[in-house]
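The values are calculated or read from the model by the stated rules, or taken from the named source; none is laboratory data. Note that this is a predicted model, so its numbers are computed, not measured. Methodologically, a virtual Cβ is constructed for each residue, glycine included, from the backbone with ideal geometry; neighbour enumeration extends over all protein chains shown. In case anyone asks, the SASA skips ligands and DNA or RNA and just uses the protein heavy atoms, side chains included. Shrake-Rupley method; radii C 1.70, N 1.55, O 1.52, S 1.80 Å.
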Amino acid sequence: MMQIRLAVPGDESGIATVHVDAWRTTYKGMVSDEFLAALSYERRKELWERNLAQEDNLVFVAVNSDERIVGFASGSSSPKGGSGKYNAELTAIYLLEEIQGTGVGKRLVTELFKAFAGQGHGSVFVWVLEDNKSKHFYEHLGAQKVETAVVRIGDRDLNELGLGWDPEAFHRIAGPVAGSEGFNHA
């Protein structure tokens, strides 16, 4: 049975392992092999130690029956895109390749969106590489294209799509929030 829970101190190594391994499978062919080979579990662990310590970050992990972290989703109350129309951001979601397509990603997004709703948020923004097949995952969950950008990863410039969940699409995932009648979610 897969458990979805908030990340806690001590989860950093497991999150870092998923982050590096998922980058190496997801971005193979999009990002240079040299860049992917240079990814470091230790540097990612340090990144996740900082991320978990930031007050406005939310991180959920998927833990398998062996207590191993096999996926995670993170978000922030400070979106970096969306032209001010969104009040939260899905900053990352990564799953080990063997877990992809099993529904765990949707469960992670649902828990993150429920937590955002509990904080009073009602819309979410996400950046995704245009060539990343996960853009279809977001679109299937109701995200719509909002903007585009170019991002440099290693030695390559890559097209990035900004996708957003408006309040209606957001609440289809997060569900109703108790006491939210009349609440402005924009």
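Side notes on the structure shown:
- Accessible area of segment 1-127 divided out per residue, in Å², using a probe of 1.4 angstrom: 47 Å²
- Share of carbon and sulfur in the accessible area of the chain stands at 49%, probe radius 1.4 Å.
- In loop segments of segment 32-123 as defined by DSSP, the GluC sites (Glu not before Pro) with at most 14 further C-beta atoms inside 10 Å of their C-beta are E55, E67.
- Computed log₁₀ I(q)/I(0) - Debye formula, equal Cα scatterers, no solvent, segment 83-135, q 0.24, 0.28 Å⁻¹: -1.03, -1.18
- Structure-derived P(r) over Cα pairs in 5 Å bins from 0, in percent - corresponding label in (1) 1, 7, 14, 16, 16, 13, 11, 9, 6, 4, 2, 1, 0, 0; (2) 1, 8, 16, 20, 21, 18, 10, 4, 1, 0, 0; (3) 1, 7, 14, 18, 18, 16, 12, 7, 4, 2, 0, 0: (2)
- Using C-alpha pairs below 8 Å separated by at least 6 residues, the relative contact order for the chain is 20 percent.
- Environment charge of L141, counting only residues whose C-beta is closer than 12 Å and scoring Lys/Arg +1, Asp/Glu -1: +3
- Dipole magnitude for the chain: about 240 debye, using +1 per Lys or Arg Cβ and -1 per Asp or Glu Cβ, origin at the Cα centre.
- By accessible area with a 1.4 Å probe, ligands and nucleic acids excluded, highest first: order of H19, H171: H171, H19
- Considering only alpha-carbon pairs that sit under 8 angstrom and 6 or more positions apart, the relative contact order computed for segment 1-91 is 33 percent.
- With a 1.4 Å probe rolled over the protein heavy atoms of all chains, the accessible area of S77, S65, S32 falls in the order S65, S77, S32, largest first.
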